[in-house]
Amino acid sequence: MEFSISKNALQKELGFVQGIVEKKNTIPVLSNILIESIGENSISITGTDLDVTIRCQTEAQVRTPGSMCVQARKLFDIARLLPDAPVEFKGEDNNWATVKCERSNFRIAGVARESYPEVPSFQSTPVKLSAEIFKTFIDRTIFAITLEESRYTLSGAKFILNKSGARMVTTDGHRLAYIERQDLGKSARGDGIDALIPRKTLAELTKLTTSYEGEISLGADANHIYFEVGPRHLVSRMLAGQFPNYEMVMPKTNDKSITIDCTLLNQAVRRVALMADDRSRAVRFHIGPGVLQISSQTAEEGEARESLQVEYAGDETQIGFNAQYLQDFLGIVGNGQVALEFKDSNSQTQLRPMAEDDYDYRYVVMPMRL
Amino acid sequence: MGSVYALIDANNFYVSCERVFDPRLHHKPTIILSNNDGCIIARSEEAKQIPGLKMGVPLFQVEHIIDACGVEILSSNYAVYGDMSQRLMWSLGAFTPALEVYSIDEAFLDLTGCLNNHRDDHYSRDDEETLDDLGRRIKRTVRQWTGLPVSIGFAPTKTLAKLANHLAKRRPELRGVLDLTQADGREEALAQTGVEKVWGIGRAYAKLLQDAGITTALELSRVDRRWARQRMTVVGARIVEELRGVSCLPIECCPPPKRSITCSRSFGMIVESVDELREAVRFYTARAAVKLRRGGLAAGGVTVFIQTNRFSREDEQYANAWTTELALPTDSTPELLGWTLEGLKRIFKTGFRYKKAGVMLHGLVPASPLTIRAWDDKAFQRSRRLMETIDKINGKFGRDTLRFGAVSNDESCGRWRTRFAHRSPRYTTRWSDLVQIAN
């Protein structure tokens with residue numbers, strides 16, 4: 001195989017693919033990417049960890065058609081440092097490849113095409129959705145996905161798309177992020193999807209949809225979910241198992257509420273959390289008439305207290321929170337007003353931004369038992 | 001007067017504990033063995049004089065010496081040692097509340113406040129009493145209250161106090177007390193101490209220093225500050241300052257929070273079946289869970305490990321561990337058992353002769369406050385209440401009075417149980433083992 005590609009196109013596409021190629025893969029061949037020619041004017045670059053596969057198509061001048069498998073990380077490092085000029089690839093004997101760019105010459109080791117695993121073939125993607133909406137869904141929920149493997153079904157997002165709208169829900173068992181948009185306009189078409197999408201897939205989709213304007217196409221079969229983001233395709237294994245009944249956790253009887261500036265609340269929580277126990281990160285909200293007092297203490301280091309004015313005339317209530325859980329949400333919302341809706345010390349609290357937009361975005365945090 | 005620290009260390013602690021309850025052992029060479037009666041882990045002064053009876057030596061290699069010299073052998077008896085340690089610490093607490101329990105048999109005391117502000121109780125020090133006098137009074141008190149002999153080092157820093165204690169033990173003319181609070185005499189003590197004996201100097205630092213021509217504590221105290229900081233990090237720099245008499249390491253009255261809890265033993269006999277391994281893992285999990293709850297903690301991660309006898313030349317070797325982080329921290333024994341048994345299932349391989357297994361709980365967080373679970377919190381709270389009740393009953397009526405059916409108790413001897421063939425009675429923690437005085 002022999003082809004020429006611009007340095008920028010090479011670096012950009014490798015940037016998308018190399019994220020899923022694990023550095024210390026248990027199956028050594030998976031540290032490689034597969035480059036294949038498509039006609040005379042384009043190539044595809046494929047990377048996989050067997051759960052997630054990304055295939056990018058990009059322009060290139062193919063002189064000799066064929067394929068090659070080369071080390072992903074090394075090629076990406078090379079591409080980043082090359083001058084802005086055409087890069088020449090040529091397959092050599094024993095699966096090696098030469099890479100030339102102006103005065104730079106590299107020979108890099110590869111593996112035989114046959115040793116590269118068969119990746120799931122791309123199925124149809126009949127559903128269309130605005131990339132911006134989908135990225136907003138991911139950005140506002142991904143942080144609540146558990147990082148622990150022990151709760152397999154919580155290690156991804158529940159994504160439902162049907163005629164009435166789209167919804168994404170994530171949880172780690174202590175908090176839950178929920179986002180819904182009913183009016184998808186013309187951007188959503190096709191049959192519905194109900195899938196559990198792994199966290200890693202969502203992280204890769206964030207990269208693919210960043211700065212991509214337009215629609216993405218989606219499709220799913222029994223085990224996989226397919227995404228088409230312009231010239232880039234992503235196939236992911238879906239998580240199997242039952243996502244917990246999230247509607248059960250959404251509070252329905254929270255009868256008290258305060259509205260507060262998100263930035264002020266975030267800053268106050270961050271400051272008070274400095275004196276919280278390093279391991280529990282516990283901060284105490286004392287909500288009384290006209291004032292929200294946030295406090296924390298550690299026996300060895302000291303204590304912190306901060307008061308914020310709020311409009312509230314209900315009963316005094318004390319609720320304990322893991323400060324990190326609050327900061328994650330407040331950091332995503334950024335600015336504007338947020339509503340904090342609660343019932344008592346031991347019931348779930350709901351936070352939601354008050355800004356008028358087309359999303360129904362809610363965040364449920366379980367309190368700490370004080 | 002500047003700061004005054006004391007390091008108080010029981011002499012030959014394990015042997016001394018045994019002698020408290022068995023006076024026959026006085027003046028007899030005595031050794032204490034590790035779990036499964038494998039190696040020597042403690043010796044009396046008389047045993048130390050016998051060539052060949054070194055620390056860490058396997059018992060089978062020195063059996064001929066033991067027979068020839070009439071050495072008394074005892075299995076380790078941690079129930080007695082732990083209880084005696086507590087008595088020692090209580091006794092020392094009478095002299096100052098600023099006490100740091102450093103190990104099972106040693107404690108640092110900050111006597112600074114006591115020296116400047118005399119307390120009104122019986123144990124305060126009068127104006128005429130020197131530190132040497134105080135040391136002897138502490139020795140007498142501890143001996144009278146616990147039966148244990150101790151050595152004491154006084155100094156303006158913890159590192160120097162440790163060094164003073166080391167010398168007090170090794171120089172008979174000091175009769176177990178050395179005061180290095182005054183600069184006079186400190187240089188001589190530092191010059192007599194090899195750099196490898198300084199507290200905090202391990203093998204790597206000792207080699208680094210010896211390569212740099214620094215062989216004594218005195219030479220170490222005189223090294224350039226910047227050199228120490230660069231070559232030995234802040235840890236080494238603090239040691240140097242402490243040797244110069246500048247206190248850098250305050251007393252830690254509260255032990256630092258635990259990072260992990262491990263329960264692991266070598267088996268009394270080789271185990272091959274998964275059923276026996278499961279029994280051992282259940283037992284270790286239950287023990288670790290009790291320790292977890294006693295410390296007011298919940299685990300955010302679990303590791304289970306198994307291994308064959310790495311010293312055996314005949315056996316094929318296998319060792320493996322399985323770790324999982326828990327999304328929801330827990331202190332409930334049934335939940336922890338679920339994880340550790342799942343781990344064992346994943347790492348167990350048939351055809352190997354297993355010698356050891358263990359359970360480690362990590363990612364520890366305070367059990368209160370704990371975030372309420374979004375799902376199944378009621379069941380979790382029920383389980384926690386059950387654990388609390390079981391722990392209370394066992395605390396009142398003795399360990400394993402109530403236990404899970406899946407977890408065997410001490411008396412049901414599995415082959416995996418640790419062997420203690422020469423263990424003395426557990427004099428202070430079991431009614432049935434109380435000392436009896438013959439008519």
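The values are calculated or read from the model by the stated rules, or taken from the named source; none is laboratory data. Computed from a predicted model, the values in this text were never measured in an experiment. Neighbour counts are summed over all protein chains in view; Cβ atoms, including those assigned to glycine, are modelled from backbone coordinates with ideal geometry.
Just a few scattered comments:
- Residue in the range A:190-200 that is within 14 Å of another protein chain (Cβ to nearest Cβ) and touching a Ser or Thr at 6+ places or on another chain (Cβ under 8 Å) present: yes
- Just one of the numbered conditions (1) within 14 Å of chain A (Cβ to nearest Cβ); (2) surrounded by fewer than 18 Cβ atoms within 10 Å (Cβ to Cβ); (3) not in a helix (DSSP H, G or I) is not true of residue B:399: (1).
- Top-ranked residue in the range B:232-252 [being touching a residue at least 24 places away in the same chain (Cβ under 8 Å) and among the hydrophobic types (A, V, I, L, M, F, W, C); ranked as farthest from residue B:99 (Cα to Cα)]: B:232
- Tally of residues being touching a Gly at 6+ places or on another chain (Cβ under 6 Å) and within 14 Å of chain B (Cβ to nearest Cβ) across the range A:336-370: 3
- Condition met for residue B:116 (of a type in the set (S, T, N, Q), modelled with pLDDT under 95 and closer than 26 Å to residue B:249 by Cβ): yes
- Search result, residues across the range A:272-292 that are within 17 Å of residue A:330 (Cα to Cα) and surrounded by 14 or more Cβ atoms within 10 Å (Cβ to Cβ): A:272, A:273, A:281, A:282, A:283, A:284, A:285, A:292
- In the set A:268, A:276, A:240, only one residue is away from every other protein chain (no Cβ under 14 Å), assigned to a loop (DSSP other than H, G, I, E, B) and at negative phi; that residue is A:240.
- Failed criterion for residue B:393 (all others in (1) aliphatic (A, V, I, L, M); (2) within 14 Å of chain A (Cβ to nearest Cβ); (3) in a helix (DSSP H, G or I) hold): (2)
- Any hit, the range B:374-391, residues being in contact with a His (Cβ under 9 Å, 6 or more places away or on another chain) and modelled with pLDDT under 95: yes
- Residues of the range B:277-299 that are touching a Ser or Thr at 6+ places or on another chain (Cβ under 9 Å), on the phi < 0 side of the Ramachandran plot and not in a helix (DSSP H, G or I): B:298, B:299.
- Members of the range A:220-268 that are among the aliphatic types (A, V, I, L, M) and within 26 Å of residue A:328 (Cα to Cα): A:238, A:239, A:248, A:249, A:250, A:258, A:260, A:264, A:265, A:268
- Subset of the range B:307-335 (residues that are aliphatic (A, V, I, L, M), within 12 Å of chain A (Cβ to nearest Cβ) and touching a residue at least 12 places away in the same chain (Cβ under 8 Å)): B:326, B:328
- Matching residues, the range B:357-369, being surrounded by fewer than 20 Cβ atoms within 10 Å (Cβ to Cβ) and either under 17 Å from residue B:279 (Cβ atoms) or out of contact with any Pro (no Cβ under 9 Å at 6 or more places or on another chain) (or both): B:362, B:368
- Count - residues of the range B:13-41 that are without any contact (Cβ under 8 Å) to a residue 60 or more places away in the chain, in contact with a helix residue (DSSP H, G or I) (Cβ under 8 Å, 6 or more places away or on another chain) and not hydrophobic (A, V, I, L, M, F, W, C): 5
- For residue B:280, the test of being closer than 14 Å to residue B:348 by Cβ and either more than 14 Å from chain A (Cβ to nearest Cβ) or in contact with a Gly (Cβ under 9 Å, 6 or more places away or on another chain) (or both) is passed.
- Conditions (1) farther than 24 Å from residue A:222 by Cα; (2) part of a strand (DSSP E or B); (3) outside the structural domain of residue A:13 (by TED's automatic domain parsing): number failed by residue A:158: (1)
- Near pairs, Cβ below 7 angstrom, 6+ apart or cross-chain, from the range A:255-277 (among the acidic types (Asp, Glu)) to any residue that is not in a loop (DSSP other than H, G, I, E, B): A:261/A:337; A:277/A:298; A:277/B:366
- Taken over the range B:336-369, residues that are outside any helix (DSSP H, G or I), within 14 Å of another protein chain (Cβ to nearest Cβ) and more than 18 Å from residue B:288 (Cβ to Cβ) amount to 2.
- Considering the range B:43-75, and only residues there that are closer than 12 Å to residue B:30 by Cα and polar (S, T, N, Q), the residue that is nearest to the chain's Cα centre (by Cα) turns out to be B:75.
- Among the residues making up the range B:42-76, a single one is free of Cβ contacts under 8 Å to residues at least 24 places away in the same chain and under 17 Å from residue B:24 (Cβ atoms): B:46.
- Evaluation of residue A:253 against the conditions (1) closer than 18 Å to residue A:175 by Cα; (2) within 14 Å of another protein chain (Cβ to nearest Cβ) shows that the sole unmet condition is (2).
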